[in-house]
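Notes follow the structure.
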Amino acid sequence: MEKEQSINKMGIAPIKKLMLSMGMPMILSMMVQAFYNIVDSYFVAAIPGMGDSAMNALTLAFPVQMLMIAVGVGTGVGVNSILSCYLGEGNREKAGRVAGNALFIGVCTYLVFLVFGVFGVDIYLRSQTSDPVVLAIGREYLTVCMTLSFGAVISMIVEKLLQSTGKTMLATAAQLVGAVLNIILDPVFIFGWCGMPEMGATGAAVATVVGQIATMLLGLIFHYTMNKEIDGSLKYLKPRRDIIAAIYTVGAPAIVMQALMSVMAYGINVIFGLVSAAVVTAFGIYYKIQQFVFFAAFGLNNAMIPIIAFNYGMGSRSRVNEGIKYGMLYTVLLMLFGMLVLQVFAKPVCGLFAISGEIQALCIKAIRIVTVGYAFAGANIAFQGIFQALGSGVKSLIVSLMRLIVVNLPLAWLLTTLENAENLVWLAFPAAEAAALVVALGLMRSVSKNRIAHIE
């Protein structure tokens with residue numbers, strides 16, 4: 001009966017409605033992730049006399065946090081795709097083994113970031129700045145985030161286990177609990193409310209990890225008590241080389257693809273540093289603002305992947321094509337809506353942060369220019385999800401390389417050499433998205449011919 005309910009939802013329900021019913025909770029979940037970063041930044045910017053330096057420190061720390069998310073989300077993509085296919089085939093035992101090995105991988109991933117938190121934080125920060133104040137703030141903040149990152153890593157894995165069976169509301173509920181806790185604790189720890197010691201930016205890190213741990217615990221409870229389609233037996237936690245290899249066959253390109261966002265942010269920090277520290281800080285603020293739009297698109301992408309993968313495993317060409325059609329349409333429309341909102345409200349949104357007038361003006365300029373490429377970005381994100389769902393992770397990686405590294409970084413560096421560079425450097429982002437879309441269209445033709453056309 002449990003298997004039939006799963007099939008009835010992802011294998012029979014109209015794709016047009018299914019994409020929205022599964023996508024909306026995932027969109028909300030991803031926007032909650034973006035909220036973590038923006039809330040930290042809001043309160044940190046308000047630290048008396050240190051707002052700009054603290055925001056600079058968080059901007060420099062952010063690429064490592066993105067890398068951690070990349071590993072967790074990328075692993076989850078591999079788990080989600082393979083698990084959805086096994087569920088579509090009705091293979092309960094293999095689905096249980098995939099879920100158990102995914103949690104084992106999560107523990108191993110945390111240990112890697114723990115080592116970095118102990119030994120690598122100072123080296124990493126010194127590669128971007130020599131400002132002693134920024135270094136001190138960034139060192140304390142990032143050390144807490146990395147050494148206590150088990151909540152973030154494992155919660156991302158559990159979220160995918162719930163999403164793969166269509167229980168998106170449970171995953172979202174766990175995320176919301178952690179986010180609300182973070183919002184409540186941020187001012188308490190940062191400014192020393194309710195008798196707590198005043199910890200400054202370090203308090204933002206403590207509030208964040210407490211929220212992440214709460215999300216992890218609640219997600220594990222949901223998985224082991226309510227995710228009945230997957231066998232939660234502890235014996236499946238034993239690592240299996242073949243299952244881990246299968247997860248990373250799809251997941252490794254996704255990890256690299258997500259990690260490219262971290263590489264891009266680090267590279268942009270270094271390149272924009274050639275212009276001024278104000279441009280770097282403006283980029284950090286803009287990037288956290290735009291995450292609300294991009295993370296919403298990634299949330300829809302996360303709904304698209306299991307739907308397309310499930311029906312691909314079930315052998316339904318018509319439903320695969322419908323999944324591609326509506327996934328693309330909804331993602332592009334979502335990005336266009338985000339562009340419109342940010343264009344209209346650029347000034348009041350940037351005004352939320354207690355930053356200098358110069359940084360605020362640069363942030364507004366960034367929004368005005370970069371959002372022009374959001375329609376291209378939406379199509380690229382949709383194509384990446386389509387390629388991942390159909391087992392073409394390398395093609396998804398190619399699109400990501402084009403939009404984040406191959407075009408973006410060299411063009412950004414070139415623009416820093418021109419006069420008025422602080423206003424021109426933002427053009428690198430929409431230009432990279434447009435170039436990537438041309439490549440994605442060519443790759444889609446190959447996938448349609450070699451994979452979709454062969455579905456019986």
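This model, with +1 at the C-beta of Lys and Arg and -1 at the C-beta of Asp and Glu, gives the chain a dipole about its Cα centre of some 1480 debye.
Keeping the other protein chains in place, figure out the carbon and sulfur percent of the accessible area of region 36-143, with a 1.4 Å probe.
Working: 2440 of 3730 Å².
With neighbouring chains kept in place, the figure for region 36-143 is 65 percent.
Using a simple spin-label model with pseudo-atoms 7 Å out from Cα toward Cβ, ARG445 and ASP242 lie 3.9 nm apart. At 10 °C and 1.306 mPa s, grab the translational diffusion coefficient of region 305-361 from Stokes-Einstein with a Kirkwood Rh over Cα pairs, rounded to a whole number in µm² per second. Rounded, D is 111 µm²/s.
State which entries of LYS17/LYS288; LYS288/LYS365; LYS17/LYS160; LYS167/LYS288; LYS94/LYS235 exceed 19 angstrom in Cα-Cα distance in the structure shown. The answer is LYS17/LYS288; LYS17/LYS160; LYS167/LYS288.
For the chain, the residue among GLY88, GLY78, PRO132 whose Cα projects farthest onto the positive side of the dipole built from Cβ charges is GLY88.
Here the spin labels are modelled as points 7 Å beyond Cα on the Cα-Cβ line, and at HIS454 and LEU427 they lie 4.4 nm apart. Projecting the Cα atoms of ALA171, VAL394, PHE104 onto the charge dipole of the chain (Cβ charges, centred on the Cα centre) puts VAL394 farthest toward the positive pole. Summary of the geometry: region 328-406 and region 239-305, compared by the centres of their Cα atoms, lie 12 Å apart. Distance between the modelled labels on VAL344 and GLU93, one decimal in nanometres: 5.7 nm (7 Å Cα→Cβ projection). Entry note: the chain has Rg to Rh equal to 0.96, where both radii use alpha-carbon atoms and Rh is the Kirkwood radius. Computed over the alpha carbons of region 111-199, Rg followed by Dmax gives 16.7, 49 Å.
Stretching LEU176 away from PHE337 to a fully extended chain increases their span by 55.6 nm, per 0.36 nm per residue minus the current alpha-carbon distance. The separation of region 72-87 from region 124-177, counted between C-alpha centres, amounts to 20 Å.
Return one whole number: the accessible area per residue of region 110-160 in Å², for a 1.4 Å probe.
Heavy-atom accessible area per residue stands at 41 Å².
What is the local net charge at VAL121, summed over the other residues whose Cβ is closer than 12 Å to its Cβ (Lys, Arg +1; Asp, Glu -1)?
Details: positive: ARG126, ARG139; negative: ASP122, GLU140.
Surrounding charge for VAL121 is 0.
Using the Cβ-Cβ distance between ALA46 and ASP131 with R0 = 30 Å, the FRET efficiency computed as 1/(1 + (r/R0)^6) comes to roughly 0.90. For the peptides 408-421, 276-289, residues were scored by their other Cβ atoms within 10 Å and the scores averaged per peptide; the highest-first order is 276-289, 408-421. Stretched out straight at 0.36 nm per residue, the stretch from LEU352 to LEU414 would grow longer than its current Cα-Cα span by 19.2 nm. Dipole magnitude for region 175-324: computed about the Cα centre from +1 point charges on Lys and Arg Cβ and -1 point charges on Asp and Glu Cβ, it is near 480 debye. Given +1 at the Cβ of Lys and Arg, -1 at the Cβ of Asp and Glu and no other charges, the dipole of region 155-240 around its Cα centre is 480 debye to the nearest 20.
Nearest 500 deg cm²/dmol is fine: what mean residue ellipticity at 222 nm does the chain get from its DSSP H runs of n ≥ 4 alone, each adding -39,500 (n - 2.57), divided by its residue count?
Details: 18 runs with 370 residues, N = 456.
Rounded to the nearest 500, the figure is -28000 deg cm²/dmol.
The values are calculated or read from the model by the stated rules, or taken from the named source; none is laboratory data. Values in this document were obtained by computation on a predicted structure and should not be read as measured data. Quick reminder, even Gly has a Cβ in these numbers, built from the backbone with ideal geometry, and neighbours come from all protein chains shown. Ligands, DNA and RNA are stripped out before the accessible areas are found, and what is left, the full protein with its side chains, is counted by its heavy atoms. Shrake-Rupley method; radii C 1.70, N 1.55, O 1.52, S 1.80 Å.
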